[in-house]
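Data block below; observations after.
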Amino acid sequence: MARHVSCDDIRTRFSHAMSDMYRSEVPQYGTLLKLVADINAQTLYHDARGKAALTDRSGSEMARIEIERHGAIRLGKAQELDTMRRVFAVMGMSPVGYYDLAPAGMPVHATAFRPVDDDALALNPFRVFTSLLRLELIEDEALRERAADILEQRQIFTDRLLSLLDTFDEQGGLDDDDATAFVIEALETFRWHSHATVDAKTYHAFHQAHRLIADVVCFHGPHINHLTPRTLDIDATQQAMPEWGIAPKATIEGPPRRDCPILLRQTSFKALEEPILFPAADGEGRGEQSGTHTARFGEIEQRGAALTRRGRKLYDELLAASREVTHGLEGETQQKALREAFRDFPDDEATLRREGLAWFEYQLSDGANGFEAQSLPSERGALVEALIEQGVMQARPITYEDFLPVSAAGIFRSNLGDGGAQHYAATDSRADFETALGTTVEDEFALYERRSERSLTACLEQLGLSPAA
Ligand code: OOG
Ligand code: NI
């Protein structure tokens with residue numbers, strides 16, 4: 001039997017193909033890639049911050065940074081999400097985390113498909129933030145039913161892709177020809193279609209209810225709406241954007257700039273107003289009507305350390321509290337107020353580790369033999385600190401691989417324009433999402449914890465110390 005191509009390989013082929021497609025569809029994305037490459041090179045050259053911005057200064061993260069991207073799509077119905085899960089499974093990507101955007105006024109909930117194993121992440125951490133429209137949040141009953149009917153009729157996957165998914169499930173993999181076909185066919189689902197599937201009147205009715213609804217319901221498929229490269233210095237990139245002819249949104253989402261970067265900082269450039277065509281009402285293709293649609297944009301991100309539940313709680317609290325002082329501020333003034341609001345969040349690695357605020361992974365130092373086992377404490381935390389102090393073991397922060405709901409809402413909003421958001425009552429819809437998905441989403445905290453534990457256990461075993469404690 002022909003050999004199977006690894007899921008990691010298929011993911012990398014696909015992410016390159018997607019990046020090429022998006023660059024030709026949205027030329028500003030190509031400009032953004034150049035700018036980010038430029039800033040990253042400069043940052044690494046001037047060292048300190050650049051290397052500090054990569055949690056793994058030893059190399060594997062340096063290697064992945066150039067190809068690292070995340071994208072986003074918005075799906076319309078449960079069946080689409082379920083099949084999309086199978087598509088991403090072929091690329092070694094699993095659903096991680098649940099993001100409810102309703103409290104932020106977006107009628108969607110979401111997960112992030114991404115690789116979860118250390119090796120796969122090191123090779124290519126390609127992620128896709130995948131939202132599902134919540135039709136039940138459309139208040140007008142007639143409009144809600146209309147949306148459901150339209151979505152019911154569409155098929156966003158090609159027949160060939162569906163049969164390749166069956167092949168993958170039956171054979172447990174794809175051979176080289178099938179993998180090539182898979183990439184080509186899967187790409188079709190993410191392609192932009194300038195023809196709307198509904199007439200202008202219907203489009204405007206959905207648009208009126210919520211711009212997001214029009215974006216999801218009125219097209220042939222869930223066009224990829226942005227692809228995001230990872231920058232090592234988001235402040236410098238944001239600042240340079242206008243010189244490169246790119247207009248960024250006014251504020252950077254997420255935590256402030258720090259010596260030890262945490263979580264995720266993001267900013268985007270405004271969605272383009274693109275020409276679209278509405279089918280003629282006479283059904284004969286005569287008298288197509290032209291219009292415009294804004295959906296696709298560009299974004300950059302800077303990633304820092306993953307936080308523990310405790311660290312995340314502190315982050316969420318400080319962020320919520322910061323609202324009062326940052327409200328209405330923009331640019332550097334906003335960032336300054338945000339930094340001030342975060343001054344109680346420790347900003348050195350040792351404190352983040354000792355206080356259990358961020359996740360770390362461990363490795364033995366070169367020539368880590370000469371340590372004094374007798375004088376070591378038995379309590380786990382004290383043992384870790386003693387080994388680090390003796391220079392036997394090193395700790396480094398684990399990179400945050402996920403998203404932030406408040407930031408995501410800010411990114412959505414910046415593309416929908418003012419007045420895009422609405423008020424939706426908070427409901428617990430995670431179970432509905434998982435039913436549509438056909439599985440439960442993985443808990444991101446558990447993934448980081450496992451990674452940290454695994455690395456520590458390996459170190460202790462190599463030192464002949466009992467990993468239990
Ligand atoms: C997704 C926005 C969320 C991020 O980086 O937080 C996102 C969307 O607009 O569909 O991509
Ligand atoms: Ni994004």
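Values computed for the structure shown
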read-out	value
Identity of the residue in the range 63-93, more than 16 Å from ligand 2 (Cβ to nearest atom) and of a type in the set (V, I, T), that ends up nearest to I150 (Cα to Cα)	T83
Hits in the range 277-303 (condition: more than 16 Å from ligand 2 (Cβ to nearest atom) and either charged (D, E, K, R) or crowded, with 21+ Cβ neighbours inside 10 Å (or both))	F278, D282, E284, R286, E288, H293
Within the range 215-239, considering residues that are within 18 Å of A250 (Cα to Cα) and more than 12 Å from ligand 1 (Cβ to nearest atom), the one surrounded by the most Cβ atoms within 10 Å (Cβ to Cβ)	T231
S375, sole failed condition from (1) within 24 Å of the chain's Cα centre (by Cα); (2) over 30 Å from F126 (Cβ atoms); (3) among the small types (G, A, S)	(1)
Identity of the residue in the range 241-271, within 14 Å of ligand 1 (Cβ to nearest atom) and among the hydrophobic types (A, V, I, L, M, F, W, C), that ends up nearest to R323 (Cα to Cα)	I252
Some residue of the range 138-152 being away from ligand 1 (no atom under 16 Å from the Cβ) and within 16 Å of F14 (Cα to Cα)	no
Among (1) of a type outside the set (F, W, Y); (2) touching a strand residue (DSSP E or B) at 6+ places or on another chain (Cβ under 8 Å); (3) over 22 Å from A41 (Cα atoms); (4) assigned to a loop (DSSP other than H, G, I, E, B), the one test that L232 misses	(3)
Verdict on L151 being closer than 17 Å to G221 by Cβ and either surrounded by fewer than 17 Cβ atoms within 10 Å (Cβ to Cβ) or free of Cβ contacts under 8 Å to residues at least 12 places away in the same chain (or both)	no
Looking only at the range 263-320, and only at residues there that are among the aliphatic types (A, V, I, L, M), at pLDDT 90 or above and more than 20 Å from the chain's Cα centre (by Cα), the one that is farthest from Q238 (Cα to Cα)	L277
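The values are calculated or read from the model by the stated rules, or taken from the named source; none is laboratory data. Remember, predicted model here, so these are calculated numbers, not experimental data. With ideal geometry, Cβ positions are generated from the backbone for all residues, glycine too; neighbour counts draw on all protein chains shown.
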